[in-house]
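Below: one structure, written as structure tokens.
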Amino acid sequence: MKLKSSQNNTPRNVIVLATIVTVVLGIFRLVLFLVLVWVVALAFIIVYQYRSGKSNAGNFVCLDCATIHQDLTCPKCGSKLKKIYSKDNKYGI
């Protein structure tokens, strides 16, 4: 089993970036901007997940790591074990 780092995890990347900006702004005690960064980051994640959640019908779910994808092999772990992802019950068909 190959372990690859997934670089296309947008919500995780936004949280990492917001944490880095929080540390920098915390050093200068810019609390108003610190709060603003987290409000914008959380709003972006909510909008991103709302838009991406509508396109998940017909995807596959990896049986090894539970990643939802459309590829022949899982982009996260490289496994070929998969089943159809169903939006209704979240566990597949």
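The values are calculated or read from the model by the stated rules, or taken from the named source; none is laboratory data. These numbers were taken from a predicted model, which means no experiment stands behind them. For the accessible areas, the whole protein counts, side chains as well, though only heavy atoms, and no ligand, DNA or RNA atoms are used. Shrake-Rupley method; radii C 1.70, N 1.55, O 1.52, S 1.80 Å.
A compact table of results
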| item | result |
| --- | --- |
| Area accessible to solvent at V40, 1.4 Å probe radius, in Å² | 90 |
| Sequence of T73, T67 from largest to smallest accessible area, 1.4 Å probe | T73, T67 |
